[in-house]
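Structure first, commentary second.
The values are calculated or read from the model by the stated rules, or taken from the named source; none is laboratory data. A quick note: this is a predicted structure, and the numbers were derived from the prediction, not measured. Ideal geometry is used to build each Cβ from the backbone, glycine not excepted, and the neighbour counts take in all protein chains shown.
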Amino acid sequence: MSFTYCFFAARCELAELQSAMLAAWPTLEVAEPAQEFASWDDAFQWAGPRCGYLAGAHPNDVKLLYRDGTWSVVSDISTCMASDTASLAELSGRVGRVVLATTQGTVGYAELQVFEAGAAVRSIIGNGGRVTESGAAIPEEAGVALETFYLDELDTIWRRLGLSSFLAADPTGPTVALHVLDRTPLAEGPPAPTQRQSQRRRPWWRLW
């Protein structure tokens, strides 16, 4: 199993996070009105034929949004949004603290990012057994073995932040599905990117 996930969360209302996300990622074009489903399974089934990373075709993509306690969460099926630190920072300037968890099991990748007031404040990345970090540690890291940072360590910090484990089960409760057209340039495609676009070019392992 590849354990490929990307979630980012903020303590705001769901509609506020959806609106702020679209403002922070101006190349996401809404393709049809947002749909609300009673369960994650129903929303994911609806997403299947509309998402280029499941069964659809690029630039089609679907973002799934749901409530998790005091947090609103976006599940990015493509995992591409994690590499756009400029937009994530902008999002934090709109909705407050933003935390992000990304994993890609086939390459042994796990990542935690924290953004506050329009800036990146913490990053921990485990990649094939090598760990890099930047910024000041957050309290939720206390006692977590960062030298072996991978799925369990990331999930532990995520749960300490007050979010549900992404390893244990799918999200519960109503889920909003947003079908978008992602106009972000692909890494290998012309024309030459602007400075902002170059920050958003997708790493090779997110192009599938």
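Out of the residues in segment 171-207 that are of a type in the set (A, V, I, L, M) and not in a strand (DSSP E or B), which is modelled with the lowest pLDDT?
Among those residues, the one meeting the criterion is A192.
Quick check on my filter: what residues within segment 157-170 are modelled with pLDDT of 95 or more and either part of a loop (DSSP other than H, G, I, E, B) or within 17 Å of the chain's Cα centre (by Cα) (or both)?
Scanning segment 157-170 gives I157, W158, R159, L161, G162, L163, S164, S165.
Can you name the number of the only condition in (1) surrounded by fewer than 23 Cβ atoms within 10 Å (Cβ to Cβ); (2) modelled with pLDDT under 95 that T79 fails?
(1)
Within segment 88-106, is even one residue more than 30 Å from E13 (Cβ to Cβ) and of a type in the set (D, E)?
So far as segment 88-106 goes, no, none of its residues is more than 30 Å from E13 (Cβ to Cβ) and of a type in the set (D, E).
Between R130, R160, which is charged (D, E, K, R), on the phi < 0 side of the Ramachandran plot and surrounded by 15 or more Cβ atoms within 10 Å (Cβ to Cβ)?
Within the list R130, R160, the selection yields R160.
When segment 103-113 is examined, which residues are found to be closer than 18 Å to A145 by Cα and either of a type outside the set (G, A, S) or buried (at least 22 other Cβ atoms within 10 Å of the Cβ) (or both)?
Across segment 103-113, the qualifying residues are T103, Y109, A110, E111, L112, Q113.
Quick check on this structure: which one of A43, A55 is modelled with pLDDT of 95 or more and either touching a Pro at 6+ places or on another chain (Cβ under 8 Å) or at negative phi (or both)?
A43
Quick test for you: out of R94, R67, pick the one residue that is under 15 Å from the mean Cα position of the chain (by Cα) and either surrounded by fewer than 20 Cβ atoms within 10 Å (Cβ to Cβ) or hydroxyl-bearing (S, T, Y) (or both).
It is R67.
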